[in-house]
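The block underneath contains the structure these notes are about, expressed in structure tokens.
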Amino acid sequence: MYVASDAPDELRTAVAHGGVLGCVSVAREAGLWVLPNDEQVHVALPPHGHAFPHVGCTCVSHWGEADVSAGRVCLVDALTQLLLCIGEDAFFAALESALRLRRLSRTDLSRLRSRIAESRSWLVDLASAESESGLESLMKVRLHRLGITLTAQVEIVGVGRVDFVLGDRLIIEVDGRPGHEGAESRHKDRVRDAVAAGLGFDTLRFDYALVVYDWPAVEAAILEKCRRGLHIDSWAESIRTAG
Ligand SMILES: [Zn+2]
Ligand SMILES: [Zn+2]
């Protein structure tokens, strides 16, 4: 395949391998939220494509049939590759990001569902366009696996919109990108937490580093709150029980 000299480096690398862009590289190029946050090029090769010697190369190769145009596999094929390559959580985050950016049609979604293993189709069913960041997607899919359902993007009078509410009164917030937390936004968060506490809510707040690199700490914090029943409003609960 001919590549223009001003083509993106990733595409040139893929073509130099005798393939096209695939997997994470296509998702990243489409502006989706993608883990891992690195520079590796994922190359899609035909089923019996020649394996290159990869001297000094850190690429990741994928062999198989795919819909290819303009030097890339289509987004459905890229997501299918990503699921097998990186795993369920990264797939889910990229998928929700694609839905949010309206990059997938209904037909695309059902094609995607038919491409992946039946045991993993729940990931497609759980995905929606409402998550505002990959961190929210990771939170949602990982708690779903633990049998915990979250209500997302909840408007609380006096507090504003929070990322998630678990049960009646546990607010879970996941804060943005690494290194983007200024003093002003920290103060705003403290105010929100104080107002929420005054209304009987508990707030757990996690950042990128915690969700991505230290999930066990996040999970332990949430599960302990649940175990102690701190997410249930006991007053509301007693009324429900009495009723
Ligand atoms: Zn290589
Ligand atoms: Zn890959």
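The values are calculated or read from the model by the stated rules, or taken from the named source; none is laboratory data. Keep in mind the model is a prediction, meaning the values are calculated, not measured. Note: ideal-geometry Cβ built from the backbone for every residue, glycine included; neighbour counts use all protein chains shown. Each accessible area value is taken on the protein alone, full model and side chains, heavy atoms only, with ligands, DNA and RNA left out. Shrake-Rupley method; radii C 1.70, N 1.55, O 1.52, S 1.80 Å.
Exactly one of (1) surrounded by 12 or more Cβ atoms within 10 Å (Cβ to Cβ); (2) in a helix (DSSP H, G or I) is unmet by residue 209. Its number?
Result: residue 209 passes all but (1).
Could you check segment 42-80 and list, in sequence order, the residues that are in a helix (DSSP H, G or I), open to solvent by 20 Å² or more (accessible area, probe 1.4 Å) and within 11 Å of ligand 2 (Cβ to nearest atom)?
Scanning segment 42-80 gives a single hit, 80.
Residue 111 is checked against (1) over 22 Å from residue 136 (Cα atoms); (2) open to solvent by less than 60 Å² (accessible area, probe 1.4 Å) and fails just one. What number does that condition carry?
(2)
Restricting attention to segment 121-144, which residues are over 14 Å from the mean Cα position of the chain (by Cα), within 15 Å of residue 90 (Cα to Cα) and open to solvent by 60 Å² or more (accessible area, probe 1.4 Å)?
To start, the set of residues in segment 121-144 that are over 14 Å from the mean Cα position of the chain (by Cα) comprises 121-122, 125.
In the following step, the residues that additionally are within 15 Å of residue 90 (Cα to Cα) were identified as 121-122.
Once the filter is applied, which keeps residues that are over 14 Å from the mean Cα position of the chain (by Cα), within 15 Å of residue 90 (Cα to Cα) and open to solvent by 60 Å² or more (accessible area, probe 1.4 Å), segment 121-144 yields only 122.
Among the residues of segment 212-225, how many are within 20 Å of residue 156 (Cβ to Cβ) and open to solvent by less than 30 Å² (accessible area, probe 1.4 Å)?
Let us first name the residues in segment 212-225 that are within 20 Å of residue 156 (Cβ to Cβ), namely 222, 225.
Checking which are open to solvent by less than 30 Å² (accessible area, probe 1.4 Å) leaves us with 222.
Residues meeting the conditions: 1.
In segment 20-41, what residues are at positive phi and either crowded, with 24+ Cβ neighbours inside 10 Å or outside the structural domain of residue 95 (by TED's automatic domain parsing) (or both)?
Listed by number, the list holds a single entry, 23.
Which numbered condition in (1) β-branched (Val, Ile, Thr); (2) crowded, with 17+ Cβ neighbours inside 10 Å; (3) touching a Gly at 6+ places or on another chain (Cβ under 6 Å) is the only one that residue 195 fails?
Residue 195 satisfies all of (1) β-branched (Val, Ile, Thr); (2) crowded, with 17+ Cβ neighbours inside 10 Å; (3) touching a Gly at 6+ places or on another chain (Cβ under 6 Å) except (2).
Filter the helices (runs of 4 or more DSSP H) completely within segment 105-199 down to those with at least 2 residues that are closer than 30 Å to residue 74 by Cα and touching a Leu at 6+ places or on another chain (Cβ under 8 Å). Spell out the reasoning first.
Details: elements: 106-115, 121-126, 134-145, 183-198.
Here the list reads 106-115, 121-126, 134-145.
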